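The values are calculated or read from the model by the stated rules, or taken from the named source; none is laboratory data. Owing to the predicted nature of the structure, the values given are computational and were not obtained by experimental measurement. Glycine also receives a Cβ, built like all others from the backbone with ideal geometry; neighbour counts cover every protein chain displayed.
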Amino acid sequence: MALEQPPQPRMKIAVLTSGGDSAGMNAVVRAIVKGGILKNCETWIVREGYEGLVRGNADAEAPTSVAMPPAVDVKVRDPAFVEHLRFGDGELLRDGTGDHPGGRTLKGRYIVRVGWDDVRGWFAEGGTLIGTARSTAFRTPEGRLKAAYNLIKEGIDALAVCGGDGSLTGADVFRAEWPSLLETLRAQDKITDEQLARHGHLKIVGLVGSIDNDMSMTDLTIGAPTALHRICEAIDNIHSTAISHSRAFVLEVMGRHCGWLALLAGVSSGADFIFIPERPPQADPWEDQMCEAIHRHRAIGKRKTIVIVAEGAHDSHLNPIHASYVKDVLTDRLGLDTRVTTLGHIQRGGRPCASDRILPTLQGLEAVDALLEATPDKPSYMIGMRENRVTRVPLMEAVAMTQSVTQAIKDKDFEKAMSLRDPEFHESLEGFFATSSLMNEPLLPPEKRIRLAIMHMGAPAGGMNAATRAAVRYCLRQGHHPIAISNGFRGLLDDNLMELSWLGVDNWMVRGGSELGTNRTLPDVDLGAVASKFQQYGIQALMVIGGFEAFNALKILEDGRKYYPAFHIPLVQIPATISNNVPMTEYSLGSDTSLNALVDACDAIKQSASASRNRVFVVETQGGMCGYIATMGALAVGASIVYTPEVGIDLNTLRADVKFLKIRYGLDIKGKSEGRIVLRSEKSSSIYTTDVITKVLIEEGGSLFDARSASLGHTLQGGIPSPTDRAYAVRLSLKSMAFIEQQHELLQKQPAKSRQASPDSAAVITVQSSTIKWVPVQEMVAHADMKNRRGKTTWWGKNKELVEVLVARPQLIGN
Ligand code: ATP
């Protein structure tokens, strides 16, 4: 086919990964390559981190990569796009050899042009396909001079670096030195005046790839969530053997200067004791503190003990605390049969979890924008995350703050080290203490204690049990009285209530589904009877963990306050639903577990396509009238098309989709097609069902592709909750308890007989942008589409467009 000459690229962008590898680095590379091409840039990768920059391309040794033509002569809307499609090197990187039987090779080539299809499907793979290294040469001015020369030779002056704080420091050093490096190269006659003038400013952007989550000014580093997954999987597996033999396990996890992994693993797995560098044990000697805590747990019948030690853990005098020593203490002092498990590199490995696909994708796209907007007078930026938002922060400020944590620890100024950690770290630590330690005496005096009822509502969601466990443990620590209601309001009316003990909820962190039992019965089934049950059991506060029904139930109870004094108590909802359809919150417990289940299933489905390469899978997801799970899932698996109830499906859409798939398969190299995924939310259309769409695709695909369907159904609800859902469950549950205590105290100031709870005391805990906010249930009603059981606006809706952008639909068929 005749290819039109593309316009001059706006910029040549190179991306490298450096330092220790982490899951999600491939997603970064993929997003930068795709984002760069979409913004009319040429995209390059640098193999083996900075070492590859220093080595550059030995022209004599290797042929340059060649643009590879598509299989069929296809007409696309933007023919210039086809120029960027592929250069063939992605395949060489993917098979790990760097060599191809056909004679193409990467040997001697470290800075390589890559195209759209070269990075296809990369984000399902762990580690970094472009290689990483620790380069001593780049630490020297001579090494950096070579690196500058190699970049200029290829006409590149925009660099995205994904690595830890060392790598990002290296990037900033390089940028600062760049003008003088170019002067030297000019003086040595290695570059021309024109090159000197054209490449006078090195544009740099940093992305934090590090499993330790040790970078300041970002909530989450790329790879940390996957590492946490690996750790929690290991601990979950250890649970059964620990309980069987009544053993103690000491686990060493990564984290030289940062205890995030140990802390979050401790919270998510319900560990008994943790050691982290930022906050060594307060007692001296710490051995007494640890043994006392664990002895208390054992004395009430706990059969397993889990202690987590960060590799950089130490006592308050900076004496290292090693797992083997902790084991000796537990064996000698408490007589426990204790084993050590060092997780080591297992933590780095494996397929990236859903958030290590979605977040690096969003961050990679932001990095391209940061490069395009970079000017010599602006600082280089680091792309980070704040709760649920991608952020840009000055790179060197973030590095400096990270280094000051390390320095504060060295100076034994642990308070300062903690103060430099983000709020999530603090809250998780408080959460760990509140849910892991068994107190001899409750903290609150009797008059401040509350009878709290806890209930699950709606469909089961991962994290419901973890949130309940956290509330129960917090209650017992404070002296409150937790009452669990089984089977929702139906259960309350049937007097199906139970006491939960500290030990009874011990394993609930890891349990999926709903231990309390859940259904959709609303309190207006018999509001008067519900009020009388509240009175009968002396309920002074209610925590409902559930989805849209829970929100509805809270609204009914708040409305019912007009008639029933029993409802003048704090009423709170913790959103928990895989559909994530509760208005005004960006996050519901269970949605992360569900996304991960979807990613696992789609990876397996795609894998099955490796035998019959040109197959489209139409995968049906749950989600009711809310397309969240389908849309975010589509982003996480790189789906080609996503159908949601919000947008619906019509004949025009289907026609365009068929055209898109035909063009896309036509652009594949013959025999090199891969399976493609179409995600269809179950209620997207009552006519164009999964079956109908599959049949249409079979019929229309002709010789280009065929189609099959798969329904994920309830697999999306079940399974072990993800670490994110568990950790959030603890955070949101404890924040809810603080809210309940505060509202209860306010109410106690009023005379008992005429107590009037304010509408604000019936509220839902929400995550909005980068903050956690309480929204009164009546305010939420204004934002709810009660008929379709979802919010009136969707923060994630724009991601449907992003799914389409990431498969180049606008370039291939237009909008
Ligand atoms: P991790 O958190 O996995 O250790 P990191 O990026 O901090 O990742 P480092 O080994 O510290 O890992 O740095 C990676 C590479 O970055 C180094 O091998 C070196 O090439 C480069 N680098 C680090 N610090 C500097 C510096 N001050 N000047 C120049 N280059 C540096």
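If you go through segment 31-60 and keep only what is away from the ligand (no atom under 16 Å from the Cβ) and either over 26 Å from Asp78 (Cβ atoms) or without any contact (Cβ under 8 Å) to a residue 24 or more places away in the chain (or both), you end up with Asn57, Ala58, Asp59, Ala60. The single residue among Ala400, Ala354 that is surrounded by 21 or more Cβ atoms within 10 Å (Cβ to Cβ) and within 30 Å of Ala31 (Cβ to Cβ) turns out to be Ala354.
Filtering segment 220-252 to residues that are under 27 Å from Pro320 (Cα atoms) and assigned to a loop (DSSP other than H, G, I, E, B) leaves Leu220, Thr221, Gly223, Arg247.
When residues in segment 360-376 are screened for being surrounded by 24 or more Cβ atoms within 10 Å (Cβ to Cβ) and not hydrophobic (A, V, I, L, M, F, W, C), 4 of them pass. Please determine whether any residue of segment 655-676 is surrounded by 17 or more Cβ atoms within 10 Å (Cβ to Cβ), in a strand (DSSP E or B) and modelled with pLDDT of 95 or more. No, segment 655-676 contains no residue that is surrounded by 17 or more Cβ atoms within 10 Å (Cβ to Cβ), in a strand (DSSP E or B) and modelled with pLDDT of 95 or more.
Taken over segment 73-105, the criterion of being at pLDDT below 85, closer than 25 Å to Val658 by Cβ and surrounded by 15 or more Cβ atoms within 10 Å (Cβ to Cβ) is satisfied by Val74 alone. Taking the criterion of being out of contact with any strand residue (DSSP E or B) (no Cβ under 9 Å at 6 or more places or on another chain), at pLDDT below 90 and either on the phi > 0 side of the Ramachandran plot or assigned to a loop (DSSP other than H, G, I, E, B) (or both), would at least one residue in segment 611-621 satisfy it? Within segment 611-621 (the criterion being out of contact with any strand residue (DSSP E or B) (no Cβ under 9 Å at 6 or more places or on another chain), at pLDDT below 90 and either on the phi > 0 side of the Ramachandran plot or assigned to a loop (DSSP other than H, G, I, E, B) (or both)), the answer is yes, since at least one residue qualifies.
Looking across segment 757-770, the residues that are touching a residue at least 24 places away in the same chain (Cβ under 8 Å) and either surrounded by fewer than 15 Cβ atoms within 10 Å (Cβ to Cβ) or not in a strand (DSSP E or B) (or both) come down to Ala757, Pro759, Ser761, Ser769, Ser770. Conditions: (1) part of a helix (DSSP H, G or I); (2) surrounded by fewer than 17 Cβ atoms within 10 Å (Cβ to Cβ). Met632 meets all but one. Number of the miss? The number of the failed condition is (2). When you go through (1) touching a residue at least 40 places away in the same chain (Cβ under 8 Å); (2) out of contact with any Cys (no Cβ under 9 Å at 6 or more places or on another chain); (3) surrounded by fewer than 21 Cβ atoms within 10 Å (Cβ to Cβ) one by one for Ser703, which number turns out not to apply? All conditions are met except number (1).
Arg726 fulfils the conditions (1) more than 26 Å from the chain's Cα centre (by Cα); (2) part of a helix (DSSP H, G or I) except for a single criterion, (1). Here Ala710 meets the list (1) part of a loop (DSSP other than H, G, I, E, B); (2) at pLDDT below 95 almost entirely, failing just condition (1).
Across segment 205-219, which residue is surrounded by the fewest Cβ atoms within 10 Å (Cβ to Cβ) among those that are in a loop (DSSP other than H, G, I, E, B) and within 11 Å of the ligand (Cβ to nearest atom)? Taking the candidates together, the pick is Asp214. Residues in segment 172-183 that are surrounded by 15 or more Cβ atoms within 10 Å (Cβ to Cβ), more than 8 Å from the ligand (Cβ to nearest atom) and hydrophobic (A, V, I, L, M, F, W, C): 3 in all. Of all residues in segment 55-62, none are modelled with pLDDT under 95, among the acidic types (Asp, Glu) and within 25 Å of Tyr665 (Cα to Cα). Of all residue pairs spaced 6 or more apart or on separate chains, those with beta-carbon atoms under 6 Å, a first member in segment 122-143 that is touching a residue at least 60 places away in the same chain (Cβ under 8 Å) and closer than 16 Å to Arg47 by Cα and a second member that is part of a loop (DSSP other than H, G, I, E, B) and within 11 Å of the ligand (Cβ to nearest atom) are Gly127/Asp21; Thr128/Asp21; Gly131/Glu48; Thr132/Ser18; Thr132/Asp21; Ala133/Glu48. Looking at segment 323-418, the strands (runs of 3 or more DSSP E) lying wholly inside it that each contain 1 or more residues that are under 26 Å from Asp236 (Cα atoms) sit at 338-342.
Do we have any residue at all in segment 184-204 that's within 16 Å of the ligand (Cβ to nearest atom) and not in a helix (DSSP H, G or I)? Yes: segment 184-204 contains one or more residues that are within 16 Å of the ligand (Cβ to nearest atom) and not in a helix (DSSP H, G or I).
Taking segment 145-163 as the range and being within 16 Å of the ligand (Cβ to nearest atom) and either aliphatic (A, V, I, L, M) or surrounded by fewer than 23 Cβ atoms within 10 Å (Cβ to Cβ) (or both) as the test, the residues that pass are Leu145, Lys146, Ala147, Ala148, Asn150, Leu151, Leu159, Ala160, Val161.
Residues being of a type in the set (Lys, Arg), modelled with pLDDT of 95 or more, away from the ligand (no atom under 16 Å from the Cβ) and crowded, with 24+ Cβ neighbours inside 10 Å are represented in segment 15-30 by at least one member.
Kindly evaluate Ile720 against the criterion of being part of a strand (DSSP E or B) and either modelled with pLDDT under 95 or under 35 Å from the mean Cα position of the chain (by Cα) (or both). The answer is no for Ile720.
Checked against (1) crowded, with 21+ Cβ neighbours inside 10 Å; (2) under 18 Å from Gly538 (Cβ atoms), Met509 passes all but condition (2). Residues considered: Pro751, Pro776. Of these, the only one that is at pLDDT 95 or above and not hydroxyl-bearing (Ser, Thr, Tyr) is Pro776. Taking the criterion of being within 12 Å of the ligand (Cβ to nearest atom), surrounded by 21 or more Cβ atoms within 10 Å (Cβ to Cβ) and over 23 Å from the mean Cα position of the chain (by Cα), the residues of segment 109-144 that qualify are Ser135, Phe138, Arg144. Does segment 722-734 contain any residue that is farther than 30 Å from Val119 by Cβ and touching a Lys or Arg at 6+ places or on another chain (Cβ under 6 Å)? No: zero hits.
Among residues of segment 387-405 being among the hydroxyl-bearing types (Ser, Thr, Tyr) and within 25 Å of the chain's Cα centre (by Cα), the one that is modelled with the lowest pLDDT is Thr402. For segment 601-609, the condition holds for at least one residue, the condition being that it is closer than 30 Å to Leu704 by Cα and buried (at least 24 other Cβ atoms within 10 Å of the Cβ).
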